[in-house]
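The structure under discussion appears below in the form of structure tokens.
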Amino acid sequence: MISVIDCQMGNIGSVVNIIKHIGHPVQVISTKEEVLKAEKLIFPGVGHWDNGVKKLNESGLKPAIIEAVTERKTPLMGICLGMQLLFKTSDEGEQEGLGLVPGHVKKFNFNGVAPSLLTGPGRLRIPHMGWNVVQPCKEHAPILDGLKALDDETRFYFVHSYHASDVPAAYQLLTCHYGDDFVCAVHKENVWGFQFHPEKSHKFGMQLLKNFAESI
């Protein structure tokens with residue numbers, strides 16, 4: 001059973017629906033007791049960092065998620081803001097995140113990018129929105145199994161203005177290029193984070209979630 005954490009940080013229906021579509025049992029949870037009983041956790045979110053931390057604190061879910069992950073070793077997948085909140089700090093806010101993965105969250109900065117990439121209809125914009133190609137940082141990671149077989153390029157759908165930085169190489173899982181290379185997925189022990197939206201990424205997202213459900 002996969003438990004999707006509802007912290008009132010965006011519509012979680014699409015995450016629930018795609019998990020049902022790939023044939024796995026899923027439930028929506030919103031209490032600390034449910035978090036501590038869960039077999040596998042998915043933590044989706046969109047919006048502002050401080051608002052996300054506030055909702056985690058007000059709901060009592062922040063210490064519950066930390067306990068589930070660090071003490072009970074429950075597998076956890078963070079998506080979009082849910083990935084960013086795996087870190088402790090962000091340029092977007094003052095509050096402390098979960099601190100489960102070393103690193104920091106910062107806004108896209110195109111200083112040093114070729115001027116030609118900042119003008120015209122195809123110019124770099126914030127937020128980074130749309131499909132983009134990702135590259136693996138490790139030769140083998142079970143969560144990524146089967147992706148290469150789907151297409152010559154592995155692509156996911158992004159919508160974000162901030163991204164992970166200062167992530168130790170050992171915890172980098174995928175990178176993406178948008179003005180410069182940035183870490184778009186992380187993995188530390190029983191924690192995975194994805195900046196993109198698997199639930200909006202068609203066959204690639206379904207394979208990723210299938211791996212989380214079956215191979216983790």
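Over the range 1-139, give the accessible area per residue in Å² for a 1.4 Å probe, as an integer.
Per residue, the range 1-139 has 50 Å² of solvent-accessible surface.
If a cysteine in the chain has no other Cys Cβ under 4.7 Å from its own Cβ, put it on the list, ordered by number.
If one checks each Cβ against the other cysteines of the chain, Cys7, Cys80, Cys137 turn up with nothing under 4.7 Å.
How big is the Cα convex hull of the range 109-182 in projection, averaged over all directions, in nm²?
For the range 109-182, averaging the hull's shadow over all directions gives 6.0 nm².
Could you list which residues have their amide H under 5 Å from that of Trp192, counting only those 5 or more apart in sequence or on another chain, with H placed in the peptide plane?
Leu76, Met77, Gly78
Find the relative contact order for the chain and round it to a whole percent, using C-alpha pairs within less than 8 Å whose residues are 6+ positions apart.
20 percent
Name all residues of the range 55-78 having a backbone nitrogen under 20 Å from the label point set 7 Å from the Cα of Ser215 along its Cα→Cβ direction, giving them as ranges.
Residues 74-78 fall inside that zone.
For the range 1-75, what number results from the quotient of the Cα radius of gyration and 2.2 N^0.38 Å?
So the Cα radius of gyration is 1.07 times the expected 2.2 N^0.38 Å.
Where the accessible area of the chain is counted over protein heavy atoms with a 1.4 Å probe, how much of it, in %, is carbon and sulfur?
Carbon and sulfur: 48 percent of the exposed surface of the chain.
Binning every alpha carbon pair distance of the range 87-216 at 5 Å from zero, what are the percents per bin?
In whole percents, the pair-distance histogram is 2, 10, 19, 22, 20, 15, 8, 3, 1, 0.
Under 28 Å from the Cα of Lys88, which lysines turn up, not counting those fewer than eight places away in the same chain?
The qualifying lysines are Lys32, Lys37, Lys40, Lys54, Lys55, Lys62, Lys73, Lys106, Lys107, Lys138, Lys188, Lys200.
Can you work out the Karplus-derived ³J(HN,Hα) for every residue in the range 206-216? Use 6.51 cos²θ - 1.76 cosθ + 1.60 with θ = phi - 60°, whole Hz, and x for glycine or proline.
5, 5, 4, 5, 5, 5, 4, 6, 10, 10, 9
The values are calculated or read from the model by the stated rules, or taken from the named source; none is laboratory data. Remember, predicted model here, so these are calculated numbers, not experimental data. Backbone-built Cβ (ideal geometry, glycine too); neighbour counts: all protein chains shown. The area values use the complete protein model at the heavy-atom level, side chains included, leaving out ligands, DNA and RNA. Shrake-Rupley method; radii C 1.70, N 1.55, O 1.52, S 1.80 Å.
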